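So the structure is just underneath, and the comments pick up after that.
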Amino acid sequence: MKCFSLVLTVCVAFLILGTGCSKKENTIKLAIVAQMTGAQAKIGSDFKNGGGIAAEEWNAKGGVLGKKVEIILGDDQADPKQAVEVANKLVNEGVAGIVGHYNSSCSIPASDVYNRANITMITPASTNPLVTERGYRNVLRICGRDDQQGKVAADFASKRLAIKRVAIIHDKTTYGQGLADEFRKNLGRGIEVVYAGGITIGDKDFKPVLTSIKDKKPDLIYFGGIYPETGLLVKQAREVELMAPFMSGDGSIDPKFVEIAGSKSAEGTYLTFSPDPKNIPAARGFMEKYAAKYGEMGPYSIYAYEAANILLTAIQAAGTTDGRAVMEKIHSMEFNGSLGKIKFTEKGDVAQSPYVVWITKNGKFEEYWKP
Amino acid sequence: MLFQQVINGLTLGSVYAIIALGYTMVYGILELINFAHGEIYMLGAYLGIIFLGIFTTMGLTAYSLPLAVFLTVVLAIFFCSAYGFTMEKVAYKPLRNAPRLSPLISAIGVSIFLQNYVMITQGATDRVFPYRFGEKHLHFMNAEVTWLQGSIIAVSAILMISLHMFQKTRMGKAMRATAQDKTMAALVGINVDSIISLTFVIGAGLAAVAGVMVASYYGLVNHFIGYVAGIKAFTAAVLGGIGSIPGAMLGGIILGLIESTGAAYISSEYKDAYAFVILIIILLIKPSGILGRHTEEKV
């Protein structure tokens, strides 16, 4: 009897597994993967909403290759280990393309997995040079690169602000440290780096390090990292009366940054980011749709939307979801979407990706300086 | 600058100290390391955010800020104490006579449960404290001390002094007797069960205060903060000598000072490592901790 029930259990288990497998592939699966949980989860929902709108628009037009687009969400928790795990899971699910990841430290290891499986990945936000420097044809990005971004920040600091002394902090991640290094490399000879050091992501108390920076009297504090730490750093700097302006990169341009730092402390913080989509006429349609559905747009919502659109356009043009055909199509085509014309270089970067400097004013971000 | 670093370290250290008290009191009585204690502190931080949020919408914060903060702290203490009490009854009391490892595993279970409970009910994202305390400073010996920092140090000091005085009361004596020998304490008419409950309630209440203070100080809370704070406070308790109440206070403050001066003068990249390096050194020199007494094995 015992034996019989055991056999029955196994049979039921197989039946359950079987239903999963026998489902006919009636949809085109598009993965959106970023940190859906954790301290940076706001970015995940921006990706999800932006990419989701693209899928809805295609489905309203009758889908891609006559099939409906289905969004598969992946959560990498901003953790490189988790990113590889999610990447393997998505490959097994047979997704046709990847919109993601956010953190460069996640995009790089995950792209190895996608490369082996010949699945095209377009990251809306990973700016570390290494993402596209490894000769992977399936890895592309529609944002800029940190070597471009670090240079613009350094030019701004030396030409516009004319600083003499700078303190550089980073969060020890691929993105944060990489950006801080690029910034430092591009500083002119006349600028003295009075402090350089790392902090730990998830830590809440930065007063000791800020107090020692205050002692060095910098004219500017540059931070390579993401908004939760940027917010805490700016807030605590003002509490120890370290009043020098802060500057950071595209990882910090998020309303949450102001919320954490408080709009008074955040006032005057410089951030490098792409030009304001508000000034791109083609973006208006998407922005109105987004605002009506989800409220205020996150900085990367439109990039996730555009990445999804490019993938789906290429699949449609290739006439197949075959990985190689899709990635060759993306490299050869020119896309005309909400961010204007986009053409990819041989490496997989966007041909022209101008960074500009934004400033935080009354709790909002405004374009401030063009190199 | 050194004085500023001492103030930074003292703020952090006094918070560690009052969390460490919860560890050390429970260890003193049950010889149990209550790994779920950090989670109580995390609950305190969330309750602080929730209640102050409610008071702000009610308009009480605008009417009288001290009253709103006071009520928030009282409510957080009340609910956390209830959690502490229930935790002991559900997870530890049934295992009172089990091998020592069982309650320890049960404690880890409670910790995982509470963390995930908060993650599901409150969301996995960071929560920002609803009220921003002024950035007014006290210039004091070349250092900037915010009012909030000053209050954290003061409140912690008051709590530690009152706990010290409590030990001298009838109830406190009963608690110390229970810590020395449960059977003998029961024989002289002490209700051991209620003393153990009281220990958990006091520990949880202290953790609640720490939680609210930290939430208002850093302004950022997530469901994971209890883990790190718990490990640090546990280190503080071991550093001072686990089971010893003055030891926990001293250990917490030393830990805070080491962290802030280490991050300032050596490198901020290894901030978390300094505490553990010191812990290892102390344990090698004096295994029972700074103020810990060497206890004979009970026969």
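Quick look at the values:
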quantity: Dipole of the range B:14-233 [Lys/Arg +1, Asp/Glu -1 at C-beta], most positive-end residue of B:I50, B:V90, B:L148; calculated: B:V90
quantity: Separation of alpha-carbon centers, the range B:186-254 and the range B:1-40, rounded to whole Å; calculated: 6 Å
quantity: Positive-end residue of A:A237, A:C143, A:V166, charge dipole of chain A with Cβ unit charges; calculated: A:C143
quantity: P(r) histogram, all alpha-carbon pairs of the range A:208-321 included - 10 Å bins from 0, percent; calculated: 13, 34, 25, 16, 9, 3, 0
quantity: Pairs from A:K214/A:K264; A:K48/A:K264; A:K48/A:K289 whose Cα-Cα separation, in the structure shown, is over 26 Å; calculated: A:K48/A:K264
quantity: Size of electric dipole in the protein assembly as shown: Cβ of Lys, Arg +1 and of Asp, Glu -1, about Cα centre, debye, nearest 20; calculated: 460 debye
quantity: Simple spin-label estimate for A:R116 and A:D322 in nanometres, 7 Å along Cα-Cβ; calculated: 2.3 nm
quantity: Sites A:S263 and A:N92 - FRET efficiency at Förster radius 56 Å, r taken between beta-carbons, to 0.05; calculated: 0.80
quantity: Count, lysine Cα pairs under 24 Å in chain B, 8 or more residues apart or across chains; calculated: 13
quantity: Modelled FRET efficiency - R0 60 Å, B:L283 with A:E334, Cβ distances, 0.05 increments; calculated: 0.35
quantity: Spherically averaged projected area in nm², based on the convex hull that wraps the Cα atoms of the range A:66-204; calculated: 10.6 nm²
quantity: Helix-only [θ]222 nm of the protein assembly as shown, DSSP H runs n ≥ 4, -39500 (n - 2.57) each, per residue, nearest 500; calculated: -18500 deg cm²/dmol
quantity: Calculated SAXS-style log₁₀ I(q)/I(0) at q = 0.14, 0.22 Å⁻¹ - the range A:285-360, Debye, Cα scatterers; calculated: -0.56, -1.06
quantity: Solvent-free Debye scattering, log10 I(q)/I(0), computed from the Cα coordinates of the range B:14-233 at q = 0.07, 0.15 Å⁻¹; calculated: -0.23, -0.97
quantity: Distant-in-sequence amide H partners of A:L73 (H built 1.01 Å from N, under 5 Å); calculated: A:I32
quantity: Distance (nanometres) between label positions extended 7 Å along Cα→Cβ at B:S151 and A:K278; calculated: 3.6 nm
quantity: Radius of gyration and Dmax over the Cα atoms of chain A, both given in Å; calculated: 22.3, 85
quantity: Global size of the protein assembly as shown as Cα Rg and Dmax, reported in angstrom; calculated: 27.9, 89
quantity: Order of B:R132, A:R145 - criterion: other Cβ atoms within 10 Å of each residue's Cβ, fewest first; calculated: B:R132, A:R145
quantity: Virtual paramagnetic centre 7 Å along Cα→Cβ of A:V193, amide N under 19 Å, in the range A:135-172; calculated: A:146-159, A:162-172
quantity: Percentage, to the nearest whole number, of Cα pairs in the range B:138-222 over 23 Å apart; calculated: 43 percent
quantity: Mean Kyte hydropathy of -0.5 or more with a Cα span along the axis of at least 18 Å, helices from DSSP in chain B; calculated: B:2-30, B:37-58, B:65-87, B:101-122, B:147-166, B:192-218, B:225-240, B:245-265, B:271-285
quantity: Choice from A:V86, A:V194, A:V152 with maximal GNM fluctuation in chain A (Cα, 10 Å cutoff); calculated: A:V194
quantity: Within 10 Å of each Cβ in A:33-41, the average number of Cβ atoms from other chains; calculated: 3
quantity: Distance violations [Cα-Cα > 32 Å] among A:K68/A:K89; A:K216/A:K278; A:K89/A:K329; A:K164/A:K347; calculated: A:K216/A:K278; A:K164/A:K347
quantity: Ascending count of other beta-carbon atoms within 10 Å, so fewest first, for A:E192, A:E366, A:E57; calculated: A:E366, A:E192, A:E57
quantity: Spherically averaged projected area of the range B:150-299 from its Cα convex hull (nm²); calculated: 10.9 nm²
quantity: Sorted by Cβ density within 10 Å, fewest first, the residues B:H37, A:H331, A:H170; calculated: A:H331, A:H170, B:H37
quantity: Charge dipole magnitude, Cβ of K and R +1, D and E -1 - chain B, Cα centre, debye nearest 20; calculated: 640 debye
quantity: Square roots of 5 times each gyration tensor eigenvalue, C-alpha, the range A:74-122, largest first, Å; calculated: 15, 10, 9
quantity: Whole-angstrom gap from the range A:89-119 to the range A:237-308, using each part's C-alpha centre; calculated: 26 Å
quantity: In range of the label at A:D215: residues from the range B:1-41 whose backbone nitrogen is under 14 Å from the point 7 Å along Cα→Cβ; calculated: B:1-9
quantity: Of B:L239, B:L65, B:L52, the one that fluctuates the most in a GNM where chain B has Cα springs shorter than 10 Å; calculated: B:L65
quantity: Proximal lysines to A:K159, defined as alpha-carbon separation beneath 18 angstrom and excluding residues fewer than eight positions away on the same chain; calculated: A:K151, A:K185, A:K370
quantity: Rounded to the nearest 20 debye, dipole of the range A:202-296 from Cβ charges on Lys, Arg, Asp, Glu; calculated: 120 debye
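Bear in mind that the values in this text are calculations on the coordinates, not laboratory data. Note that the structure is a prediction, hence the values are computed from the model and not measured. Cβ coordinates were reconstructed from backbone atoms using ideal geometry, including for glycine residues, and neighbour counts include every protein chain displayed.
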